[in-house]
1. Which condition from (1) over 21 Å from Asn137 (Cα atoms); (2) in contact (Cβ under 8 Å) with a residue 40 or more places away in the chain; (3) of a type outside the set (Phe, Trp, Tyr) is the one that Gln33 breaks?
2. So, of the residues in segment 52-61 that are surrounded by 15 or more Cβ atoms within 10 Å (Cβ to Cβ) and of a type outside the set (Phe, Trp, Tyr), which turns out to be farthest from Cys139 (Cα to Cα)?
3. Answer with yes or no whether Ser7 is surrounded by 10 or more Cβ atoms within 10 Å (Cβ to Cβ), on the phi < 0 side of the Ramachandran plot and more than 17 Å from the chain's Cα centre (by Cα).
4. For segment 122-137, enumerate the residues that are in a helix (DSSP H, G or I), within 15 Å of Ile104 (Cβ to Cβ), modelled with pLDDT under 90 and out of contact with any Phe, Trp or Tyr (no Cβ under 6 Å at 6 or more places or on another chain).
5. Filter segment 62-87 for residues that are surrounded by 15 or more Cβ atoms within 10 Å (Cβ to Cβ) and either of a type in the set (A, V, I, L, M, F, W, C) or in a loop (DSSP other than H, G, I, E, B) (or both) and give the result.
Amino acid sequence: MDPGYFSALAALAGSTIGGMTSLVTAWQTQHAQFRAQRRQHDIERREELYKNFIEESSRLYADAYEHDKADVSNLVKLYALVSRMRVLSTGRVVEEADQVVRLIIETYLAPNKTLRDLEQDFVAREAAMDPLRDFSNACRAELPGRTF
């Protein structure tokens with residue numbers, strides 16, 4: 001084989017390998033960026049879902065102390081949020097959300113409370129003081145590395 005052809009083929013092979021390396025590196029970089037963006041979007045979506053659940057359940061929990069009849073349409077939104085969690089969240093988060101819903105329903109079924117009754121209830125049951133504590137802790141554990 002003529003040495004000129006050998007040099008030309010070597011240069012062509014080097015150029016091809018360099019181009020392919022560049023292409024593969026660019027593809028891997030874009031793929032990694034896409035996965036990171038998708039993961040970030042998923043986390044933001046769950047954070048928004050948890051925020052909505054906390055706001056809605058807090059409102060209903062306070063309402064349950066003042067009223068002994070639950071408005072079913074209010075509970076539907078809460079159940080919808082829990083159902084969305086079943087799709088997006090871990091089992092522990094869903095279990096804790098179910099516990100919060102049960103507590104709200106139990107509070108609606110109990111007699112109305114005055115401020116003095118609440119004070120006694122808070123002393124008797126720590127859960128009454130912060131019914132969302134376990135739920136919040138489960139959410140925090142599910143979203144590691146997040147700064148709150």
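The values are calculated or read from the model by the stated rules, or taken from the named source; none is laboratory data. The model shown is predicted, which means the values in this text are computed figures rather than measured ones. Note: ideal-geometry Cβ built from the backbone for every residue, glycine included; neighbour counts use all protein chains shown.
1. (2)
2. Within segment 52-61, the match that is farthest from Cys139 (Cα to Cα) is Leu60.
3. Numbers: surrounded by 10 or more Cβ atoms within 10 Å (Cβ to Cβ): yes; on the phi < 0 side of the Ramachandran plot: yes; more than 17 Å from the chain's Cα centre (by Cα): yes.
Considered against the rule, which asks whether it is surrounded by 10 or more Cβ atoms within 10 Å (Cβ to Cβ), on the phi < 0 side of the Ramachandran plot and more than 17 Å from the chain's Cα centre (by Cα), Ser7 comes out as yes.
4. Ala127
5. Ala64, Ala70, Leu75, Leu78, Leu81, Val82, Met85
This table checks each residue for (1) among the aliphatic types (A, V, I, L, M); (2) touching a Leu at 6+ places or on another chain (Cβ under 8 Å).
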{"residue": "Gly19", "(1), (2)": "no, no"}
{"residue": "Phe34", "(1), (2)": "no, no"}
{"residue": "Gln37", "(1), (2)": "no, no"}
{"residue": "Ala80", "(1), (2)": "yes, no"}
{"residue": "Ser83", "(1), (2)": "no, no"}
{"residue": "Ile104", "(1), (2)": "yes, yes"}
